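Enquirer: This structure is in structure tokens; I'll ask about it shortly.
The values are calculated or read from the model by the stated rules, or taken from the named source; none is laboratory data. No experiment lies behind these values; they were computed from the predicted model shown. Every residue, glycine as well, gets a Cβ built from its backbone with ideal geometry; the counts of neighbours run over all protein chains shown. Heads up: the accessible areas ignore ligands, DNA and RNA and are worked out on the full protein's heavy atoms, side chains in. Shrake-Rupley method; radii C 1.70, N 1.55, O 1.52, S 1.80 Å.
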Amino acid sequence: MGDATSEPLRNANEPGEPSALILMYHRVTHVGADPFSLNVTPEHFAEQLDVLREYSQPVALSELAAGLRTGIVRPKSIAITFDDGYLDNLLNAKPALERAGIPATVFITTGPLEQEYEFWWDELERIFLEPGRLPAKLEVTIGGRAHKWELGGAIQYSEEEYLHYRAARAEDPPPTLRHALHFSIWQLLQPLSDPERRTVLDEIAAWAGVPTKRRSGYRTVTAEELRILAQGRLIEIGGHTITHPVLPDLPAQAQAQEIRESRTCLEQILGRPVTGFAYPYGMLSDNAVDVVRDAGFSYACSTVPATVQVGADLFQLPRFQVDDWDGEEFSRRLTRWFESRGNTSPASAEGSRRLGKWQFRTAGGCAARITVPSDDPEGIRIAIEKPSLQANYDIQLNLPRLQTISNYRYAVSFRARADQTRGFSVGFSRAHEPWSNLGLYQRIEVTSEWKNFEEVFVATADEENGRIHFDVAESAIPIELSRVSLRALQEGDTKAEDQTPTSI
């Protein structure tokens, strides 16, 4: 396609122009088990950089943020980011980036710079997903509650099983009892404070007979290695807190400490300003956003998978996570992501986040994680971590800016499944006050098998900003949705006519 860097600067909101993308990486190396898809091999990373050089305009994240402020960005701009600060960012990623001449931002968790532990999720993977034998019973107190597991068939995990299942992902149904136990404990440990989690991990490691000293292939950079990583013109350094907590679960003062002190630490090491930030796990609160802004950061990244457009909130920039794809698959993903551009104007609702065309909303003390399943780029997986005790609409997935004509018939269609049988609601209503129903509110039950749904309704009013909404808060069972669309029906038809479908 020629040299993309020769294209002129244009306004990103001009009709037909693609939006920008921010890509999220964590590691570039060879690992064994990788349940959270954090790793890309050096071979695939090199192929991905070749694709970026040929088909896009790689830019520094700070340059993209500056362009978003002025309203002008380069067509097909893509910024690369890394989270956490693994040593392989220096050993493997930086040399590859330098060979390709592509900039990147590395968001550093400062606590591990001088400690002898691995990240807690790596320790947990080492205990449960490496081959070996474990005791028959695990009893441990987590978050003030006693938990007990009988391992049964999970006592022994063979080398053959390890090799066969090491590609298993946490978002998929667990293939073995070891995987189920691993993810159950991961969910319990994630919301804890770092000292609480450290105590539990030490207890579990002692129970398993696994040393807590970090493996060489899983350590982070030291302060001196961080200085080397930041040398040159291609690598920018950003903040990622001190201990990588779930910020919304912390008191306001603790959130402020994690955010501000991480920036202070990095600036003392590097001797220059640090302007970018990334929210651990992509989880943020209104307070965290305010603290990041007040701490002197200029922009911040979430993990909401969406394109970036002029008008985006610079403190809630979306990112697509990159998996271990070869160049051909990576190219397909980029094309699909660019084509998924949607309205990403700042949202005002409590806890709302943009997801391409979609808006994900949490309120009432609820919490949930959203991911795009690796086997279904058109789908969304919603893992509810804190369901509602009051209202089922405190966790919503919304598709706004849909038009209807009064007394016309429409159909909302989608596919859905859940980890276990559960119910949820689908509706069509106004996407603004008074938030009134426009003809559809239906209770749906789903099972672990994918099922197609089509709900037909008559629009009760003319509306230029209606919304499909899925209310999923009353159950903690994860749910997946895919191929969502709104279609107009011809007069007298019982099937939906294919008009302006809008896929998730």
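Enquirer: Segment 126-157 to segment 393-447: how many Å between their Cα centroids?
Expert: Result: 41 Å between the Cα centres.
Enquirer: Send over a whole-number figure in Å² for the accessible area per residue of the chain, probe 1.4 Å.
Expert: I get 43 Å² per residue for the chain.
Enquirer: Out of these labelled values of Rg and Dmax of the Cα atoms in Å, (i) 23.1, 72; (ii) 24.0, 80; (iii) 22.1, 69, which was calculated from the coordinates shown here?
Expert: The listed entry that was calculated here is (i).
Enquirer: A follow-up question, please. Given a Förster radius of 41 Å and the C-beta distance between His30 and Glu339 as r, what FRET efficiency does 1/(1 + (r/R0)^6) yield to the nearest 0.05? Intermediate values should be presented prior to the final figure.
Expert: Numbers: r = 32 Å, r/R0 = 0.79.
Using R0 = 41 Å, I get an efficiency of 0.80.
Enquirer: Sticking with this one: If each of Glu63 and Thr212 carries a label point 7 Å out from its Cα toward its Cβ, how far apart are those two points in nm?
Expert: 4.5
Enquirer: What's the extension gain from Ser184 to Arg272 if we count 0.36 nm per residue and subtract their Cα-Cα distance?
Expert: Numbers: separation 88, 0.36 × 88 = 31.68 nm, distance 4.14 nm.
Going from the current span to full extension adds 27.5 nm.
Enquirer: Taking all protein chains together and a probe of 1.4 Å, list Lys148, Lys137, Lys76, Lys94 from the most accessible to the least accessible. Present the calculation step by step, with values, prior to reporting the outcome.
Expert: Values: Lys148 120, Lys137 90, Lys76 65, Lys94 20 Å².
Largest to smallest exposure gives the sequence Lys148, Lys137, Lys76, Lys94.
Enquirer: Taking 7 Å along the Cα-to-C-beta vector as the label spot, tell me the Arg53-Ala461 distance in nanometres, rounded to one decimal.
Expert: 5.6
Enquirer: Using a 1.4 angstrom probe on the protein heavy atoms only, could you order His26, His44 from most to least accessible area?
Expert: Order by accessible area, largest first: His44, His26.
Enquirer: Going highest first, how would you order 223-234, 61-72 by mean Cβ packing within 10 Å?
Expert: So the peptides 223-234, 61-72, ranked by packing, come out 61-72, 223-234.
Enquirer: Quote the accessible area belonging to Ser37 in square angstrom, nearest 10, computed with a 1.4 Å probe and with ligands, DNA and RNA left uncounted.
Expert: 10
Enquirer: Determine the sum of side-chain charges near Gln156: Lys and Arg each +1, Asp and Glu each -1, restricted to other residues whose C-beta is under 13 angstrom from that of Gln156.
Expert: Here the count lands on -2.
Enquirer: May I ask you to rank Asp313, Asp172, Asp88 by accessible area, largest first, using a 1.4 Å probe over the protein chains only?
Expert: Numbers: Asp313 40, Asp172 60, Asp88 10 Å².
Per-residue accessible area, sorted high to low, gives Asp172, Asp313, Asp88.
Enquirer: How much of the accessible area of the chain, in percent, comes from carbon and sulfur atoms when a 1.4 Å probe is used?
Expert: Accessible surface attributable to carbon and sulfur in the chain totals 48 percent.
Enquirer: Just how large is the dipole of the chain about the Cα centre, in debye to the nearest 20, putting +1 at every Lys and Arg Cβ and -1 at every Asp and Glu Cβ?
Expert: Details: 52 positive and 71 negative charges, 102 e Å.
Around 500 debye, computed over the chain.
Enquirer: In segment 122-146, which residues have a backbone nitrogen under 19 Å from the label point lying 7 Å from Ala254's Cα in the Cα-to-Cβ direction?
Expert: 141-146
Enquirer: Percent relative contact order of segment 420-493, based on C-alpha pairs within less than 8 angstrom and at least six residues apart?
Expert: 36
Enquirer: Return the distance in nm (one decimal) between the two label points of a simple spin-label model at Arg483 and Ile155, each offset 7 Å from Cα along Cα→Cβ.
Expert: It is 4.6 nm.
Enquirer: For Arg133 and Glu98 in the same chain, what is the full-extension length gain: residue separation times 0.36 nm, less their Cα-Cα distance, in nm?
Expert: Details: separation 35, 0.36 × 35 = 12.60 nm, distance 4.33 nm.
Gain on extension, Arg133 to Glu98, equals 8.3 nm.
Enquirer: Give the peptides 453-464, 102-113 in descending order of average Cβ contacts within 10 Å, highest first.
Expert: On the way: 453-464: 15.9, 102-113: 23.4.
The peptides rank, most packed first, as 102-113, 453-464.
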